[in-house]
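Undergrad: Attaching a single structure in structure tokens format; questions to follow.
The values are calculated or read from the model by the stated rules, or taken from the named source; none is laboratory data. Owing to the predicted nature of the structure, the values given are computational and were not obtained by experimental measurement. Cβ coordinates were reconstructed from backbone atoms using ideal geometry, including for glycine residues, and neighbour counts include every protein chain displayed.
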Amino acid sequence: MPTPKNDFTQRRRKREGTEAKGRVWVWDTNPRISIRERINASGGIGFRVTFPKQVTGGRVLHLQSCDFEEAKGIARSRGREFLESRSTARVLGDAEKIQAAAALRTLKSAKMAVTLDRMASDFVSAAILLDQFGVNITEGARLLARSLTKANEAGKPLDELLDYACERLKPKGGERTVEQLADELIEIKRVWQKRGDLRPASLRDFENRAGRIGHDLGQYLLAELTKDRIQAWLSGLKRSPRTLKNYRMVLAEMMRYAVQKRYLVENPISELTRHDIKEIEGIANTARQPSILSPEQAEQLLLAAFADPAADLGPAVVLGLFAGIRTEELKRLKWDAVRLAGEQPFVVIGPEIAKKRRIRNVSLPPNAIAWLQRWPGAKEGALTRSGHINDFQKRFAKLSAAAGITWEANAMRHSFGSYHFALLSNSLETARLLGHKQDDTVLFAHYRALASKEQGEAYFTILPPKVESGVIPFPSQAG
């Protein structure tokens, strides 16, 4: 490396005995600028660079360094600044001098303890930084002051608030609209359905509900989908409480997925309180008793089903009434899952047909066994046929009309839950047979109507009529 230029001369001592005061060097370019060796408080050697009034044009300036070479660098750089400033001052015109004087008065009136050159330097630096955003100094100062005010009101540092806002407005997973999210999830569920992890009916339901959500709220970015917007949309649907709850559950699934994919930081659905949900969905549905069939109506339905074997609904009616098996499970059930042999016959509800894969064995009461044994059709393959999507429902509607029954959804399942509990008074066992999760909350909220033990006994002793031919005639009162 080249040897640094030696442009400092050590000043000769004027008299003996000055050694203790330390050595002094002057800068050859401007001998008024000096470096003095000093002993600091810790006993080490330091160096003080002095710029007198003749150099600064104002107060004497002292700068410290613990390194001699660094001290020389300070003397050179600041010395040149002062020299250039003085040279510039000499050639200033009257207009520039007036401007400089005005600037000094402005600083003085603002009581800012900063030199004019420092102020100009800071101004230029700030202007360059702000110019890339198209903001001038005054606008930048106003924005910063307003931001700092809000940060103080929030009791948080400004940079922390900015990080918080940016994370939500510009999520790490990228921006998505509600419509894009709905389409993405629908495609995922279609893949699940193709590989057998999702049933066609579940896919159709999700496609319909997510598609409606995407259509109505699709223009919003996910970050714009607030709790208030969700609440207003759900309230505006004007649908039944159960339908509104279903839409809310689909929305909740969509938002959970968005959080997992980092399209969102927080789930707006989680902000809905219990009060909000009751306002949206109402509470009448929780207080209303479910509709159930009387023992006489249940018998009429069975007789009508067995009188028309071509409708292929008899076994499904038996298991719906006396085992409480869901309609969608009945449509997928096969005869090999109906175990009639053994001391206690039962039905296996396996993972391939159970709702949410909640497998269970459902015990069969004696009257259900008697009806199944009297079924004239083949006991192999599917328990009941289910061709096109509405095939089962259409056949069941005809059967209900033939039996003289005004049908309500889930009436067989509700009847089983109500009469089974009335007969045994064991809510947990009834809930288990129905396939409810963990406890009896759903049983009491949705599946149980008031029934007496006597009605329960009558219901579970409905038996097929005794006929020699083994053929059950169509009941005259139903025809």
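Undergrad: Can you spot a residue in the range 341-359 that is assigned to a helix (DSSP H, G or I), among the aliphatic types (A, V, I, L, M) and out of contact with any Lys or Arg (no Cβ under 9 Å at 6 or more places or on another chain)?
TA: no
Undergrad: Assess whether F123 counts as being under 30 Å from I35 (Cα atoms), over 36 Å from the mean Cα position of the chain (by Cα) and aromatic (F, W, Y). Even if it seems obvious, please write down each step before you answer.
TA: Details: under 30 Å from I35 (Cα atoms): no; over 36 Å from the mean Cα position of the chain (by Cα): yes; aromatic (F, W, Y): yes.
Here the answer is no, as F123 does not meet what is asked.
Undergrad: Kindly indicate which of A182, A154, A110 is touching a His at 6+ places or on another chain (Cβ under 9 Å) and either farther than 30 Å from E352 by Cβ or in the same structural domain as Y263 (by TED's automatic domain parsing) (or both).
TA: After applying the criteria, what remains is A182.
Undergrad: With the structure loaded, tell me whether S400 is farther than 19 Å from I292 by Cα and touching a residue at least 40 places away in the same chain (Cβ under 8 Å) or whether it fails that test.
TA: no
Undergrad: Any residue in the range 227-238 that is more than 21 Å from T273 (Cβ to Cβ) and either part of a helix (DSSP H, G or I) or hydrophobic (A, V, I, L, M, F, W, C) (or both)?
TA: No, because not a single residue in the range 227-238 is more than 21 Å from T273 (Cβ to Cβ) and either part of a helix (DSSP H, G or I) or hydrophobic (A, V, I, L, M, F, W, C) (or both).
Undergrad: Of all residues in the range 66-79 being without any contact (Cβ under 8 Å) to a residue 24 or more places away in the chain and closer than 22 Å to D117 by Cα, which is surrounded by the most Cβ atoms within 10 Å (Cβ to Cβ)?
TA: G73
Undergrad: Name the single residue, out of those in the range 126-184 being polar (S, T, N, Q) and assigned to a helix (DSSP H, G or I), that is nearest to N208 (Cα to Cα).
TA: Result: Q180.
Undergrad: Something else about it: Could you give every pair whose Cβ atoms fall below 7 Å, whose first residue belongs to the range 332-353 and is basic (K, R), and whose second residue is exposed (fewer than 13 other Cβ atoms within 10 Å of the Cβ) and not in a strand (DSSP E or B), counting only separations of at least 6 or pairs across chains?
TA: Taking only residues 6 or more apart or on different chains, the pairs are K334/G381.
Undergrad: Report the residue count in the range 41-65 for those that are outside any helix (DSSP H, G or I) and without any contact (Cβ under 8 Å) to a residue 24 or more places away in the chain.
TA: Here the count works out to 16.
Undergrad: Right, next: Report those helices (runs of 4 or more DSSP H) wholly inside the range 248-335 carrying at least 2 residues which are charged (D, E, K, R).
TA: 274-281, 295-307, 327-332
Undergrad: Still on this structure: Of all residues in the range 25-40, which are crowded, with 17+ Cβ neighbours inside 10 Å and either touching an Asp or Glu at 6+ places or on another chain (Cβ under 7 Å) or assigned to a loop (DSSP other than H, G, I, E, B) (or both)?
TA: Scanning the range 25-40 gives W27, N30, I33.
Undergrad: Another question about this same structure. Restricting the search to the range 360-369, which residues are surrounded by fewer than 19 Cβ atoms within 10 Å (Cβ to Cβ) and part of a strand (DSSP E or B)?
TA: Across the range 360-369, the qualifying residues are R360, N361, S363.
Undergrad: Something else about it: Could you please find all residues in the range 97-123 being surrounded by fewer than 11 Cβ atoms within 10 Å (Cβ to Cβ) and either among the acidic types (D, E) or in a helix (DSSP H, G or I) (or both)?
TA: A102, R105, K108, S109, listed by residue number.
Undergrad: OK, next. Can you tell me which of G46, G73 is closer than 19 Å to D7 by Cα and not acidic (D, E)?
TA: G73
Undergrad: Of the residues S386, S415, which is touching a helix residue (DSSP H, G or I) at 6+ places or on another chain (Cβ under 9 Å) and assigned to a loop (DSSP other than H, G, I, E, B)?
TA: Selected residue: S386, the only one of S386, S415 that is touching a helix residue (DSSP H, G or I) at 6+ places or on another chain (Cβ under 9 Å) and assigned to a loop (DSSP other than H, G, I, E, B).
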